[in-house]
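Enquirer: This is the structure, below, for whatever I ask next.
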Amino acid sequence: MIGSYLKYLWQRKSEYSIHSPFVYDFMRKVLNDSGSNRDYDTIYRIGRLLDKRKYINYNLRKQSRLLYRMIRYFEPDSAVSFGSLTALNTAALALGHLQTKVYLEESEDFLETLNSMGIVNVRLIQPEEFDSEHFRKLNTGFVFFGRDSFEDDTWDYLADCMNYKTVDSVFVFEGIHHNRDMEDAWEEIKANEDVSVTIDLYCIGMVFFREGIEKQDFVLKY
C-alpha cells in the first residue's frame, strides 16, 4: 500500500528524537544493532533448507535478525506463534535465547529436521491445544502473530493471550500495513486500554504492557 508507506516515511522517528528511556534503549540495542553474529549464518542455512529457498531476500533476512535480537534482548520463557512461521523465523526465535521454549504449529518432520540441526528448544502445539490448560499456563512472554493469522479465531487467541499477559509480555504482529483490514486491526489493538507502548516499523508492529510508562504509539525508523 503505497499511501501507507509514504505516511510511514513521513512519521517515522530516529532514536535521537525519542524521549522514552525504554524505547530509546530498545532502539539502540535491538533495532539499530547492525553487528554481525555467527547465529545469523545458521538461521539462513536452516531457512534455505526447510523453506526450500535458494536465496533469502534482504527483507526476510532483516526480519529474522530482528526477531533474533528481540528474543536475545527480552529473554522470554516462551515464544508462541499463531499462523505461519517460516523456518527462518523459527530458527531466529530459537537461537536468540536457548532457554526460550518456542511453540508453533508444524509437522513432526519439521521438528525432527530442526533437532538434527541443533535446534532443540522448539515444541509443537496443535490448534486444539490452544484452548487447553497447558497452553493457558504458558508464560505469554513473546507472542508472534503471522500475517496469515488475522482471522476470527486469532482474535480469540489474542483475547486469551491478553488475559494471561504480564508486564513483560511482548506481542508482535506481522504485516500490519499489508491491507486495509490489517491496518484496521492494528488500530484496534493500539487502542486497547491495557497496551502501554506500541511500535510501528511498517513491516511489523510491536505491543508492550509495561507499567509506569505513559501510553504512547511510536513510528520508528527501521
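The values are calculated or read from the model by the stated rules, or taken from the named source; none is laboratory data. Computed from a predicted model, the values in this text were never measured in an experiment. Neighbour counts run over all protein chains shown; Cβ positions are idealised from the backbone, glycine included. When the accessible area is computed, the model is the full protein with side chains, heavy atoms only, and any ligands, DNA or RNA have been set aside. Shrake-Rupley method; radii C 1.70, N 1.55, O 1.52, S 1.80 Å.
Enquirer: Can you tell me which residue within segment 7-56, out of those that are of a type in the set (Ser, Thr, Tyr) and free of Cβ contacts under 8 Å to residues at least 40 places away in the same chain, is surrounded by the most Cβ atoms within 10 Å (Cβ to Cβ)?
Expert: Only one residue fits best here, namely Tyr40.
Enquirer: Considering each of Asp168, Asp194 in turn, give the residue that is free of Cβ contacts under 8 Å to residues at least 40 places away in the same chain, acidic (Asp, Glu) and open to solvent by 30 Å² or more (accessible area, probe 1.4 Å).
Expert: None of the others qualify; the one that does is Asp194.
Enquirer: Suppose the filter is closer than 25 Å to Ser84 by Cα, of a type in the set (D, E, K, R) and open to solvent by less than 70 Å² (accessible area, probe 1.4 Å); does Glu187 pass it?
Expert: The answer is no for Glu187.
Enquirer: Determine which single condition Leu66 fails, assuming it passes every other condition in (1) more than 24 Å from Glu112 (Cβ to Cβ); (2) open to solvent by less than 60 Å² (accessible area, probe 1.4 Å); (3) in contact with a helix residue (DSSP H, G or I) (Cβ under 7 Å, 6 or more places away or on another chain); (4) in a helix (DSSP H, G or I).
Expert: Among (1) more than 24 Å from Glu112 (Cβ to Cβ); (2) open to solvent by less than 60 Å² (accessible area, probe 1.4 Å); (3) in contact with a helix residue (DSSP H, G or I) (Cβ under 7 Å, 6 or more places away or on another chain); (4) in a helix (DSSP H, G or I), the lone unmet condition for Leu66 is (3).
Enquirer: Just to be sure, is Leu85 in contact with a strand residue (DSSP E or B) (Cβ under 8 Å, 6 or more places away or on another chain), buried (at least 18 other Cβ atoms within 10 Å of the Cβ) and not in a helix (DSSP H, G or I)?
Expert: yes
Enquirer: Do any helices (runs of 4 or more DSSP H) entirely within segment 1-58 hold 1 or more residues that are closer than 23 Å to Ile119 by Cα, and if so, which?
Expert: Ranges flagged: 38-50.
Enquirer: How about segment 97-117: which of its residues are open to solvent by less than 10 Å² (accessible area, probe 1.4 Å) and at pLDDT 90 or above?
Expert: Thr100, Val102, Leu114
Enquirer: For Ser4, indicate whether it is modelled with pLDDT of 85 or more, surrounded by 14 or more Cβ atoms within 10 Å (Cβ to Cβ) and either touching an Asp or Glu at 6+ places or on another chain (Cβ under 8 Å) or within 27 Å of Asp184 (Cα to Cα) (or both).
Expert: Criteria not met by Ser4.
Enquirer: Based on this model, can you work out whether Glu75 counts as surrounded by fewer than 16 Cβ atoms within 10 Å (Cβ to Cβ), at pLDDT 95 or above and not hydrophobic (A, V, I, L, M, F, W, C)?
Expert: Against the criterion (surrounded by fewer than 16 Cβ atoms within 10 Å (Cβ to Cβ), at pLDDT 95 or above and not hydrophobic (A, V, I, L, M, F, W, C)), Glu75 qualifies.
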